[in-house]
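Undergrad: Here you go, one structure.
The values are calculated or read from the model by the stated rules, or taken from the named source; none is laboratory data. The structure displayed is predicted, hence computed values, not measured ones. Backbone-built Cβ (ideal geometry, glycine too); neighbour counts: all protein chains shown. Note: areas computed on protein heavy atoms with side chains; ligands, DNA, RNA excluded. Shrake-Rupley method; radii C 1.70, N 1.55, O 1.52, S 1.80 Å.
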Amino acid sequence: MRISTRGRYALRFMIDLARHDGPEYTTLRDVSERQGISVKYLEQITSLLSKFGLLLSVRGPSGGYKLARKPEEYTAGEILRVTEGDMAPVACLAEQVNSCPRKAACPTLSFWEGLDKVINDYLDGTTLKDLAESFSDEGASPEESAPCNS
């Protein structure tokens, strides 16, 4: 399993909103500057996150985005599933019902099911609040604050 740039940036965007949560809406330009993600890319991400009800948005001069719920009410898994789809490690586990014709004779199925459980338990056990509180960029040097690939 590999998380795409869209998934990584969506998580960073949501963490940024959680860290700057308040009564005001946050502009994409502000997030873009803090995260080193282009406004154009953020527009694509916010469209998707808004469609699934994860964001509130307001247009106009004092417009922008904010979280639709409290940071502790989001999980990393929820955000990544919106951007990435299911997080199953193998195709046969991607559907609600495993319809693989080799299911009954597959010697690795229980292994993949175990890995799927570990992945989803971890993603669903990590809240946006956990992620927002786990890192502080205060006092970081410019090199440490520079955009990265994650």
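Undergrad: Give the residues of the range 10-25 that are open to solvent by less than 40 Å² (accessible area, probe 1.4 Å) and either modelled with pLDDT of 95 or more or in a helix (DSSP H, G or I) (or both), sorted by residue number.
TA: Listed by number, the residues that qualify are Ala10, Leu11, Arg12, Phe13, Met14, Ile15, Asp16, Leu17, Ala18.
Undergrad: Separate question: Between residues in the range 81-101 that are of a type in the set (Lys, Arg) and open to solvent by 30 Å² or more (accessible area, probe 1.4 Å) and residues that are in a loop (DSSP other than H, G, I, E, B) and at pLDDT 90 or above, which pairs lie under 8 Å by C-beta distance while being six or more apart or on different chains?
TA: Close Cβ pairs satisfying both conditions: Arg81/Met87.
Undergrad: Would you mention how many residues in the range 67-95 are over 14 Å from the mean Cα position of the chain (by Cα), small (Gly, Ala, Ser) and modelled with pLDDT of 95 or more?
TA: Residues in the range 67-95 being over 14 Å from the mean Cα position of the chain (by Cα), small (Gly, Ala, Ser) and modelled with pLDDT of 95 or more: 1 in total.
Undergrad: Could you tell me whether the range 111-133 includes any residue that is in a loop (DSSP other than H, G, I, E, B) and at pLDDT below 95?
TA: No, the range 111-133 contains no residue that is in a loop (DSSP other than H, G, I, E, B) and at pLDDT below 95.
Undergrad: In addition: Check off (1) farther than 20 Å from Glu133 by Cα; (2) without any contact (Cβ under 8 Å) to a residue 40 or more places away in the chain for Tyr9 and give me the number that stays unchecked.
TA: Result: Tyr9 fails condition (1) only.
Undergrad: Continuing with this model, one more query. State which residue is farthest from Arg19 (Cα to Cα) when the search covers only the range 56-110 and only residues that are in a helix (DSSP H, G or I) and among the acidic types (Asp, Glu). Can you show your working first?
TA: Within the range 56-110, the first condition is being in a helix (DSSP H, G or I), and the residues that meet it are 71-73, 76-84, 91-93, 103-105, 109-110.
Still in the list and also among the acidic types (Asp, Glu): 72-73, 78, 84.
Values: Glu72: 12, Glu73: 14, Glu78: 18, Glu84: 23 Å.
Filtering first and then ranking leaves Glu84.
Undergrad: Which one is nearest to Tyr74 (Cα to Cα), of the residues in the range 26-47 that are among the hydroxyl-bearing types (Ser, Thr, Tyr) and open to solvent by 20 Å² or more (accessible area, probe 1.4 Å)?
TA: It comes out as Ser47.
Undergrad: Hey, another quick one. Checking Arg2 against (1) touching a helix residue (DSSP H, G or I) at 6+ places or on another chain (Cβ under 8 Å); (2) outside any helix (DSSP H, G or I); (3) within 30 Å of Asp116 (Cβ to Cβ): exactly one of these is not met. Which one?
TA: (1)
Undergrad: Still on this structure, I have one more. Of the residues Ser32, Ser50, Ser38, Ser62, which single one is modelled with pLDDT of 95 or more, polar (S, T, N, Q) and out of contact with any helix residue (DSSP H, G or I) (no Cβ under 8 Å at 6 or more places or on another chain)?
TA: Being modelled with pLDDT of 95 or more, polar (S, T, N, Q) and out of contact with any helix residue (DSSP H, G or I) (no Cβ under 8 Å at 6 or more places or on another chain) holds for just one of Ser32, Ser50, Ser38, Ser62, which is Ser50.
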